[in-house]
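The values are calculated or read from the model by the stated rules, or taken from the named source; none is laboratory data. Keep in mind that this is a model prediction, so the values were computed, not measured. Cβ sites come from the backbone with ideal geometry, for glycine too, and all protein chains shown count toward neighbours. The accessibility values were calculated without ligands, DNA or RNA, using every heavy atom of the protein model including side chains. Shrake-Rupley method; radii C 1.70, N 1.55, O 1.52, S 1.80 Å.
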Amino acid sequence: MNVTDPLADLQGLLTAPGIGATACAGVAGVESCLALPAAHWGLLAELAADAGLRHAGLWADALDEERLRVQALFAAADGYLLAQTEVTGAPPELASHTPLFPGVDRLERHAQDLLGVRFLGHPRGAVRWTRHQAWPETAHPLRPDFPLAGDHPGRTPADGDYPIVRLQGNGVCEVPVGPVHAGVIAPGHFRFQVMGEDVLRLEERLGYVHKGIEKHAVGRDAAGLVRLAARVAADSTVAHAWAACQALERACDTEVPARALYLRALLAERERVANHLGDIGGICNDVGFGFGQSQCALLRERWQRDNASHFGHRLLMDTLVPGGVVRDLDPAAPERLIQANGELRRVLRRLFDILDDHPPLNDRLLTTGILAQGTARALGCTGYVAKASGIDHDLRHHVPYAPYDRLRLETAVVEHEGDVAARMRVRMREIHASLGLIEQLLAALPEGAIAAPLTPRPEASGLGLVEGWRGESVALVRLDVAGRVARYFPRDPSWFNWPALEHLILGNIVPDFPVCNKSVNGSYSGVDL
Amino acid sequence: MFRILNQIVRTGLRTEPVARPDAAGLERLGIELRRRVDARFGHSLAIRQVDAGSCGGCEIEIHALANAYYDLERFGIRFCASPRHADALLVTGPVSRHMEQALRRTWRAMPAPKFVIAAGDCACDGGEFGESYASCGAVERVIPVDVRIPGCPPTPLQLVEGLLAALAQDRD
Ligand code: SF4
C-alpha cells in the first residue's frame with residue numbers, strides 16, 4: 001500500500017493558489033473533479049506525469065457556439081481524477097498532452113477534427129486523424145451549428161494525401177496494406193517500412209468506419225443512447241452499453257436493482273468468454289494451426305447459441321437498458337448455464353493443454369511481438385495487452401463497481417513476457433476466471449426487479465467505467481436542459497492498445513503481422529466512431 | 001499429435017445433424033444452395049466481403065458461417081481475398097463516407113455480373129446510423145444491390161437464406 005495518494009497529491013498541487021483549480025461537482029461517477037484555467041492545461045499533464053498517473057483519455061464538448069469544454073481523465077491504481085477546462089476563440093487552443101502521454105495522440109486529433117480544438121505542441125502538428133475527406137478542415141461535426149446531415153452531399157473522394165511518415169534509405173521498401181483487407185475484417189490502412197522481411201516502422205491509419213456515433217447521440221433520450229452505445233463496437237456491445245448506462249444512472253441518480261447488476265455482470269462475463277475464445281482461435285489460425293481455430297469456433301458458436309436462448313441475442317446486443325436489463329432469466333436457466341460452463345471447462349482443459357504445449361505453435365508465438373512493460377505504461381494500455389506485459393490493472397479488482405464489489409475475485413491475471421503467447425495465455429486464464437464468476441453470479445443472483453425507471457435530470461453529467469473484455473471502457477454523458485443527450489463520448493480501450501501494435505511489431509517479420517495484430521485485436525469501429 | 005487427434009475424435013462431427021429443428025432448415029437450405037451454386041456458378045461461388053462502416057456485428061456472424069456447425073464451404077461457397085476473383089460482393093455497414101470510394105473501387109474491380117448482397121440493417125437501409133455527414137445510409141446509394149439480408153446482425157442461418165435468395169434472383 002502506498003503511503004502517499006497520488007490523486008490527492010495532484011489535487012493538492014492543482015488547487016494551490018498560483019494555479020487556481022477548483023473542485024467541480026458536475027460530473028457524477030468520478031470521485032475527484034477539478035476545473036482549471038486553460039493556461040494551466042499543460043502544467044496539469046506535467047504534474048500528472050510526475051505523479052505517475054495514467055492518462056485515461058481526453059475529449060471535448062461544445063457547450064454552445066463559443067465555448068468548448070475539454071476534459072481529461074487520469075487514473076491511479078485505485079481511483080480516477082477528471083480535470084476540465086474551458087476554451088474559446090477561433091481556433092480554441094490548448095497545450096497538448098501528447099508529448100508526455102503519447103497514448104492521447106489520436107484522442108487529441110479526434111477532438112481537433114470533430115470540435116476544432118488546436119493542441120499546441122502536438123508532435124504531429126495539426127495532422128488530421130478521424131477526418132478523411134467527408135468534411136473540410138474548417139468544419140467541425142460536433143459543433144452545434146453543424147447539421148447531422150452535413151452540407152456535403154456529393155461523392156466523397158479517398159483520403160489520398162494523408163501524410164505518412166516515411167523512412168528512406170538503401171534497401172528500405174514500403175508495403176501498403178488496406179483499407180480493404182484480404183479477409184473478413186474491418187477496414188484500416190497499415191503502412192510498413194521494411195528491410196527485407198523485418199519491419200522497421202509501422203504506421204496505422206484508421207477512421208474508415210467513422211459513422212458519426214457521437215453526433216447521432218445528440219438529442220437522443222436515454223434508451224436511444226444505450227441502443228446506440230450497443231453498436232459502438234458489436235464485440236463490446238455489453239461493455240459500451242453498460243458504461244453508457246452507468247454514466248446515465250449516475251448522472252440521474254438512479255438506483256439499479258441488485259438483480260439487474262448481477263445480470264449485467266453475467267452478460268459482461270459471457271461477452272468476455274466469447275471474444276477470448278474467438279481471439280484464441282484467431283491467433284491459432286494466423287499461424288496456420290487450423291485445429292485450434294476450428295475448436296474455438298465451435299465452442300464460441302455453442303456459447304452464442306446459449307446467449308440467444310437465454311438472453312435473446314447471439315451477441316447480447318440490446319440486453320441492457322437505462323436502469324437495468326431487458327429480460328430476466330427463466331427459472332431453469334441458471335442450472336443449464338452452469339451445466340454449459342462445466343462442459344466448456346472440460347473441453348478447454350484438453351484444448352488449452354494442447355495450446356500450451358504444442359511445439360509448432362510455441363515456435364511462432366513465443367518471443368513474437370514483444371510489448372515492453374515500459375511502452376505499455378507510457379501508452380496507457382489496459383486489458384489483456386497491459387496484463388500480458390506485467391501491468392496488474394483491472395477495474396473489477398482495483399476500482400470495483402457493483403456487483404463486482406460484492407463478489408469473491410481471484411487475483412487478477414498477469415503475465416510478464418509481453419509476447420503474443422502471453423497475450424493468448426491471459427485470455428485463456430481470463431476465460432477460466434470468467435467461468436468462475438458466472439457461477440458465483442448465478443449462485444448468488446438476488447431476487448427482485450430487473451430494472452428501475454430512470455428519470456432524466458436536466459444538465460446532469462456522468463461518467464461510466466467498466467472493465468470490458470478488451471480493457472477499461474469509459475463513457476461520458478452530458479444531458480441538456482431538456483434531459484436529452486448533449487454529449488456522449490465512448491472511450492474504447494483500443495485508443496491506447498492500437499498504438500501498442502506500432503511498437504510491438506518492430507523487428508518482427510511482415511508475415512507475423514497478422515498474428516501480432518490479432519493478439520492485440522484493437523477495435524476499428526470502437527475508435528473510428 | 002495424439003492429443004490433437006484425441007480431441008478431434010472426441011469433438012466428432014459437429015456439422016449440424018438433421019435432428020435439430022433449426023438444423024433441418026440449414027440442411028434443406030444447404031442442399032438448395034448447392035444446387036443453385038452448381039447451376040449458376042460452375043460449382044463454386046466466390047464472395048468478397050467488404051466492411052463499409054459496420055460495427056463489427058455483421059462480420060462476427062459472417063465469420064460464424066465458417067464454423068463447423070454451418071460449414072458454408074461444403075456448399076461450394078467460399079470467401080476470397082481479391083475482388084478480381086469474386087462472383088459476389090457481400091457488403092456490411094451504412095457505407096461510411098470514408099469507405100465510399102474504396103467500396104466503389106472494389107466493386108469496379110469485380111468481373112461481371114457483379115452480384116451485390118447487402119447484409120445487415122445498416123447495409124439495407126442505414127439501420128441505426130442512417131444517412132449523415134459521415135455515412136451514405138445504404139449500400140444501394142453507392143453501388144447497385146441485388147439482395148438485402150436484414151437483421152442486426154443477421155444470424156448465420158439468415159445469411160444462408162439470403163445467399164440462397166441471391167442465387168434465385170433472375171439476372172438473365
Ligand atoms: S446491422 Fe447491426 S450488427 Fe450489422 S453493422 Fe449495422 S449495427 Fe452492426
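Ligands, DNA and RNA are left out, and with a 1.4 angstrom probe the accessible area of the protein assembly as shown is 36 Å² per residue. Among A:294, A:494, the sequence by solvent-accessible area, most first, with a 1.4 Å probe is A:294, A:494.
Work out which residues of the stretch B:87-124 lose at minimum 50 square angstrom of accessible surface when the other protein chains are put back, relative to the chain isolated, with a 1.4 angstrom probe, and list them by number. Listed in order, they are B:97, B:98, B:99. Shielding by partners for peptide B:59-68, expressed as the average number of C-beta atoms from other protein chains within 10 Å of each residue's C-beta, is 6. Summed over both chains, the accessible area lost when A and B associate is about 4600 Å², using a 1.4 Å probe. Taking θ as phi - 60° and the Karplus parameters 6.51, -1.76 and 1.60, the scalar couplings of the stretch A:473-485 work out to 10, 10, 9, 10, 10, 10, 9, 8, 4, 8, x, 9, 6 Hz in sequence order, x denoting glycine and proline.
Shielding by partners for peptide B:130-142, expressed as the average number of C-beta atoms from other protein chains within 10 Å of each residue's C-beta, is 5.
Hey, any idea what Rg/Rh is for the stretch A:237-328, computing Rh the Kirkwood way over Cα pairs? Numbers along the way, then the final one.
Values: Rg = 15.7 Å, Rh = 14.2 Å.
Result: Rg/Rh = 1.10.
Mean projection of the Cα convex hull over all viewing directions, computed for the stretch A:367-437: 4.5 nm².
Counting only protein heavy atoms and a probe of 1.4 Å, the accessible surface of chain A is 52% carbon and sulfur. Going from the chain on its own to the full set of protein chains, the stretch A:149-193 has these residues losing 40 Å² or more of accessible surface (heavy atoms, 1.4 Å probe, no ligands, DNA or RNA): A:155, A:156, A:158, A:180, A:182, A:184. Only protein heavy atoms count here; under a 1.4 Å probe, residue A:398 has an accessible surface of about 60 Å².
The stretch B:123-172 gives an Rg/Rh value of 1.03, both radii derived from C-alpha positions and Rh following Kirkwood. Shielding by partners for peptide A:297-306, expressed as the average number of C-beta atoms from other protein chains within 10 Å of each residue's C-beta, is 4. Entry for the stretch A:65-209 at q = 0.13 Å⁻¹: log10 I(q)/I(0) = -0.76, Debye formula applied to identical alpha-carbon scatterers, no solvent contribution.
What is the angle, in °, between the Cα long axis of helix B:21-41 and the longest principal axis of the Cα atoms in chain B? Nearest 10 is fine, range 0 to 90. Once rounded, the angle reads 60 degrees.
The share of Cα pairs per 10 Å bin across the stretch A:318-444, counted from zero up to the longest distance, runs 11, 31, 34, 19, 5 percent.
Taking all protein chains as shown and a probe of 1.4 angstrom, residue A:185 keeps an accessible surface of around 80 Å².
Amide H contacts of residue B:79 (H built 1.01 Å from N, in plane; Pro and chain starts excluded): B:47 sit under 5 Å, all sequence-distant by 5 or more or on other chains. One quarter of the convex hull surface built on the alpha carbon atoms of the stretch B:43-167 amounts to 6.6 nm², the projected area averaged over directions.
Note on residue A:356 and residue B:13: with the Förster distance fixed at 25 Å, the Cβ-Cβ geometry gives a FRET efficiency of about 0.40. Accessible surface of the stretch B:43-167, 1.4 Å probe: 51 percent of it comes from carbon and sulfur atoms. Ordered by 1.4 Å accessible area with all protein chains kept, B:73, B:161, A:472 run largest first as B:73, B:161, A:472.
If R0 is taken as 25 Å, the Cβ-Cβ distance between residue A:8 and residue A:39 corresponds to a FRET efficiency of 0.60. Rounded to the nearest 5, the antiparallel percentage of DSSP beta bridges internal to chain B is 5%. By the Stokes-Einstein formula, at 0.692 mPa s and 37 °C, the protein assembly as shown with its Kirkwood radius over alpha-carbon pairs has D equal to 127 µm²/s. Please list the non-local residues whose amide H lies under 5 Å from the amide H of residue A:201, H modeled 1.01 Å from N, same-chain partners needing a gap of 5 or more. Here A:193 satisfy the definition.
A DSSP coil position with no more than 16 other Cβ atoms inside 10 Å describes the following trypsin sites (Lys or Arg not before Pro) in the stretch A:135-212: A:155, A:166. Kindly give Rg over Rh for the stretch A:458-497, based on alpha-carbon atoms, with the Kirkwood expression for the hydrodynamic radius. Over the Cα atoms of the stretch A:458-497, Rg/Rh equals 1.11. Need the per-residue list for the stretch A:202-223: every residue with at least 20 Å² less accessible surface in the complex of protein chains than in the chain by itself, probe 1.4 Å, sorted by number. By number: A:208, A:209, A:210, A:211, A:216, A:220. The fraction of all Cα pairs in the stretch A:6-120 landing in successive 10 Å bins from 0 to the largest distance is 14, 50, 32, 3, given as whole percents.
Annotation: lysines with alpha-carbon distance below 23 angstrom to residue A:518 (same-chain offsets under eight excluded): A:387.
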